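The values are calculated or read from the model by the stated rules, or taken from the named source; none is laboratory data. It should be emphasised that the depicted structure is a prediction, and the values quoted were computed from it without experimental measurement. With ideal geometry, Cβ positions are generated from the backbone for all residues, glycine too; neighbour counts draw on all protein chains shown.
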Amino acid sequence: MIRLGVVGLGKMGLSHLAMVRAHPHVSVDAVVDSAGYILDVLSKYTGLTTFTDYESMLDQADLDAILIATPTRFHGPMVRSALERGLHVFCEKPLCLTSQESLELAALAEEKGLITQVGYHNRFVGAFREVKSLLDAGAIGRVTHILAEAYGPVVLKSKGSTWRSQRNEGGGCLYDYAAHPVDLLSWYAGTPLGVGGTILGSVFSENTEDEVFSTLYYPDNVSAQLSVNWSDESYRKMTTRISITGTAGRIFADRQEVQVYLRDSAPEIEGYDKGWNVRYTTELTENVWFYLRGEEYSAQLDHFVTRIERNDGDGINTFASAAVTDRVLELLTIDAAAGPATTNAEAVNNAPAAPRRSLLRRR
């Protein structure tokens, strides 16, 4: 039985808590949060051992692993403290606000032989996992271009400040929303050579961006475009999707299904014919022991638990892979602040001055 501590009891923390408490191989032996009323309710109705101080929990609770679901700016020091005590760590995404810190934590975990995982749950969605399998099999030949998108109704009016609206807390559309499709790009295409034409635009937010647009450049002339907007009320909830073009076909995937078009030149792929094919997430997803929010959330936690039991350092989502995504987020920020790479001088000189709502120019 793996003795686990849960850190941070916001929306994701409470979801993770519900799932891991139901896991047959996990015992939740401690929880920590700064909100006393949440801890009082949990202590009264569940009997969980509660703490208001993270270090006190690490000192007093006898644990094997930690699950961290706090605002991103706390991830680095919390993860480091856990690793130094020899604890395995599952951390919500993104891992850190700098890729250098993520790489340092990945190196520390490897040195100590500890299991790490980051909560990029889309890697456990049946349709997105099928895309990875098809790419690995060369189903659509040489990939030439990828479009990664995410849209949803998160910020639909100007509103008060929370950690999600503050970039230095790990909030904003880039770190809190675009990180998901960026991580899928890292999974499918690897580390980009660079980025260009990045726009971090404000729709309603005063202190951060609500939309992210950019082009990413990969080896072998592969390109990808990123299009993300969390102020789009035409979507009922977050929708992430991927479109991939190759010399022998095309793949489109979202959480519900994967559509695959294979040309006559495509290799033979078991279960697929030439022309259009559709596979649904329901047929591509294994049953989980507990359902909440989506099978992928339970599946990622089970993957973490199983890796600890098997001492398996080769996971789907490790600190090392998360550091690649963190680096891309940094590059997008730098590129957006630099402005246009090629400018039309006449248009720039004649353009009326306009206030910029984004903080990127003022940082």
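How many of the residues making up region 276-289 are aliphatic (A, V, I, L, M) and not in a helix (DSSP H, G or I)? Here the count works out to 2. Before we move on, is residue 36 of a type outside the set (A, V, I, L, M), surrounded by fewer than 16 Cβ atoms within 10 Å (Cβ to Cβ) and at positive phi? Criteria not met by residue 36.
Just give me the residues in region 276-305 being in contact (Cβ under 8 Å) with a residue 24 or more places away in the chain and of a type in the set (Val, Ile, Thr), in sequence order. Across region 276-305, the qualifying residues are 281, 282, 285, 305. Number of residues in region 200-246 that are β-branched (Val, Ile, Thr), over 24 Å from residue 256 (Cβ atoms) and buried (at least 18 other Cβ atoms within 10 Å of the Cβ) equals 2.
Give region 290-331 a look and list any residue that's assigned to a loop (DSSP other than H, G, I, E, B) and under 13 Å from the mean Cα position of the chain (by Cα), or say none. Passing the criteria: 316, 317, 318.
Identify the residue in region 79-99 that is in a helix (DSSP H, G or I) and of a type in the set (Gly, Ala, Ser) and, among all such residues, is nearest to residue 311 (Cα to Cα). Of everything passing the filter in region 79-99, 82 is nearest to residue 311 (Cα to Cα).
For region 13-40, taking the residues that are touching a residue at least 40 places away in the same chain (Cβ under 8 Å) and touching a Lys or Arg at 6+ places or on another chain (Cβ under 9 Å), the one that is farthest from residue 72 (Cα to Cα) is identified as 26. Scoring residue 286 on the criteria (1) more than 22 Å from the chain's Cα centre (by Cα); (2) of a type in the set (Asp, Glu); (3) modelled with pLDDT under 95; (4) under 24 Å from residue 133 (Cα atoms) leaves a single failure, condition (1). Residue 105 falls short of the stated requirement of being at pLDDT 95 or above, surrounded by 19 or more Cβ atoms within 10 Å (Cβ to Cβ) and assigned to a loop (DSSP other than H, G, I, E, B). Filter region 75-88 for residues that are over 13 Å from residue 118 (Cα atoms) and in contact (Cβ under 8 Å) with a residue 12 or more places away in the chain and give the result. Scanning region 75-88 gives 78, 80, 81, 82, 83, 84, 85, 86, 87.
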